[in-house]
Amino acid sequence: MASNPGSSTPKKNDSGSASVGAAPRQSARVAKAAARRGAILDAALDEFSACGFAAARLDDVAQRAGVAKGTIYLHFADKEALFHELIRVQLNPVVGTFEAALASDLPLRTIIDQAIEIFVREIHGTRRKEVIRLIISEGPRFPALAEFYYREVLARILAAVRARLARSLARGEIADDTLIRFPQLLGAASVVAVVWHGLFDRFEPLDVQAMLAAYFDRLFSGMGRPV
């Protein structure tokens, strides 16, 4: 008896279409979780800024974010872990931008101008300055937070600055090693800008970009202006 040609046709496998359908659902879940996490971090910055680290309550963070308190614990172990992640999310990207600028082979004067623009645009012009103010105000009472900020932010920037200035000294762009030994001098005016904005800007607004440019001009005038 002749075989039925249709009998050799394989059965349709629905697993492929099922997996295709699952992918958008998985992507939607990931996007929803990321949105919740972002909302929690935004709410945490609001709460920490308003109350300080000690007085901030995760119940109030949850209320600001529009989530249940238990949802916070799905993402963060405790209030300190939430603060740590706030530092990472807010500042790690801009630290990377500074590191890239400092690693370039451009003249030091050009790099300084770039650094001023990065600070004004990416820190002073955003809520990142609020994180820095929090560290300034809360760090003395919570040294573990200050230590975390130092490791995640300051240590990386100081290392990049020292490496760039060492190259500048070898090239004759700076006259001596003062700034290599004390790179904190380079950030002093930026700290003033952040503190001034939080306390006094409503009384006397500060042109941060112009102030930083003037500061670096004066800073380098006594030790060999960068070329």
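Find the eigenvalues of the gyration tensor of the Cα atoms of segment 54-147, then list the square roots of 5 times those eigenvalues as equivalent ellipsoid semi-axes, largest first, in whole angstrom.
32, 14, 12
Whenever you get a sec, compute what percent of the accessible area on the chain sits on carbon and sulfur atoms (1.4 Å probe).
With neighbouring chains kept in place, the figure for the chain is 59 percent.
How large is the accessible surface of S137 in square angstrom, using a 1.4 angstrom probe and rounding to the nearest 10?
Approximately 60 Å² for this residue.
Within the P(r) computed for segment 153-202, what percentage of the Cα pairs occupies the region above 13 Å?
63
Determine the per residue accessible area of the chain with all protein chains present and a 1.4 angstrom probe, expressed in square angstrom.
I get 56 Å² per residue for this part.
Under 1.5 on a/c is rounded, so check that first for the chain, then, if it is not, pick prolate when a/b is larger than b/c and oblate when it is not; a ≥ b ≥ c are the square roots of the alpha carbon gyration tensor eigenvalues. If you can, show how the numbers build up before the last one.
Working: a/c = 3.26, a/b = 1.73, b/c = 1.88.
It comes out oblate by the Cα gyration axes.
With θ taken as phi - 60° and the coefficients 6.51, -1.76 and 1.60, list the Karplus ³J(HN,Hα) couplings across segment 105-121 in order, rounded to whole Hz; mark glycine and proline as x.
My calculation for segment 105-121 gives 9, 6, x, 4, 4, 5, 5, 4, 4, 5, 4, 4, 5, 4, 4, 5, 7 Hz in order.
Between A170 and E99, take the C-beta separation as r, use R0 = 25 Å, and let me know the FRET efficiency to the nearest 0.05.
Here the calculated transfer efficiency is 0.80.
Report S221's accessible area, 1.4 Å probe, all protein chains in place, as a number in Å² to the nearest 10.
We get 70 Å² for S221.
The values are calculated or read from the model by the stated rules, or taken from the named source; none is laboratory data. Here the structure is a predicted model, which is why all the values come from computation and not from measurement. Glycine gets a Cβ as well: all are built from the backbone with ideal geometry, and neighbour counts include every protein chain shown. For accessibility, only protein heavy atoms count, side chains too; no ligands or nucleic acids. Shrake-Rupley method; radii C 1.70, N 1.55, O 1.52, S 1.80 Å.
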